[in-house]
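In what follows, a structure is listed as structure tokens, so that the remarks can point back to it.
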Amino acid sequence: MDIENFYEKILKLRNGEIKDYKVLSSHVKSIPDDMFDYIIQRLIIQLKIVQKYNISVRPAIDPFVSSELGIYKRLDDLELGKLLDYPNCCVDSFSETARYGIDSKHLKEVENMTFEDEDYAIILPSGFIPCSLKCNKAIENKLIGTIDKETYEKLLSLEEELFKKLPHYHGAYDEYFEKIILKK
């Protein structure tokens, strides 16, 4: 899922066009119009910046937007996972095992993975905790990927621009991507 699809889903939730998000739909519809307009403006800014850099894995959704949409409140893990295009196996792993970040099991997986010579880092959206770094569905959904050093530098520029143009005060999200450096 990219930011554009997320943006479209939010608009459809607001307009009542999606019926299978009972909790999130109710929450999104309850947001005052002026706040909802501000959320949409921030999403549009993020969308334009992300498109400019064209990184294969999408960054985390703007933390201000995520806060206002109730994502950090974990209103309903299954609906949130579906909204963010997270695979069910990853949502289940997050919900059942209380994983709150990339942990030692994830890092152990890296030791047993094979990479191309140009691969410099594994990246994923901050806040997305996969069941496994090898999760095929997460890779297919562009939630996990590898990048070379040049793309890594672009990614850092993307994050810097997002921070400048979309300031926020969520202390847990000082990056838009989780990064596992493979080589120095």
task: Quick one: in segment 140-155, of everything that is out of contact with any strand residue (DSSP E or B) (no Cβ under 9 Å at 6 or more places or on another chain) and either among the β-branched types (Val, Ile, Thr) or surrounded by fewer than 17 Cβ atoms within 10 Å (Cβ to Cβ) (or both), which residue is farthest from GLU175 (Cα to Cα)?
output: GLU140
Residue that is surrounded by the fewest Cβ atoms within 10 Å (Cβ to Cβ) [pool: residues in segment 104-139 that are in a loop (DSSP other than H, G, I, E, B) and among the small types (Gly, Ala, Ser)]: SER132
- line: So, first residue free of Cβ contacts under 8 Å to residues at least 40 places away in the same chain in segment 120-148, second residue open to solvent by 10 Å² or more (accessible area, probe 1.4 Å) and in a strand (DSSP E or B), Cβ within less than 6 Å, six or more apart or across chains; the pairs are none
query: Does ILE61 fit the bill of being modelled with pLDDT of 90 or more and within 26 Å of LYS183 (Cα to Cα)?
result: no
- request: Please specify each residue of segment 19-30 satisfying the condition of being surrounded by 18 or more Cβ atoms within 10 Å (Cβ to Cβ) and either touching a His at 6+ places or on another chain (Cβ under 7 Å) or part of a loop (DSSP other than H, G, I, E, B) (or both).
  value: TYR21
query: Can you tell me which residue in segment 38-61 is surrounded by the fewest Cβ atoms within 10 Å (Cβ to Cβ), limited to those that are of a type in the set (Val, Ile, Thr) and under 14 Å from LYS9 (Cβ atoms)?
result: ILE40
- request: Could you tell me which of the residues LEU84, LEU107 is in contact (Cβ under 8 Å) with a residue 60 or more places away in the chain and closer than 17 Å to GLU4 by Cβ?
  value: LEU84
message: Exactly one condition in (1) in contact with a strand residue (DSSP E or B) (Cβ under 6 Å, 6 or more places away or on another chain); (2) open to solvent by 20 Å² or more (accessible area, probe 1.4 Å); (3) not charged (D, E, K, R) is false for GLY101; which is it?
response: (1)
query: Within segment 81-90, can one find any residue that is out of contact with any helix residue (DSSP H, G or I) (no Cβ under 8 Å at 6 or more places or on another chain), in a loop (DSSP other than H, G, I, E, B) and either at pLDDT 90 or above or surrounded by 12 or more Cβ atoms within 10 Å (Cβ to Cβ) (or both)?
result: no
message: Quick check on segment 5-13. Is at least one of its residues more than 27 Å from LYS164 (Cα to Cα), in contact with an Asp or Glu (Cβ under 7 Å, 6 or more places away or on another chain), open to solvent by 50 Å² or more (accessible area, probe 1.4 Å) and assigned to a helix (DSSP H, G or I)?
response: no
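The values are calculated or read from the model by the stated rules, or taken from the named source; none is laboratory data. Everything numeric here is computed off the predicted structure, so don't read it as measured data. No Cβ is skipped: glycine too gets one built from the backbone with ideal geometry, and neighbour counts run over all protein chains shown. Ligands, DNA and RNA are excluded from the accessible area calculation, which covers all protein heavy atoms including side chains. Shrake-Rupley method; radii C 1.70, N 1.55, O 1.52, S 1.80 Å.
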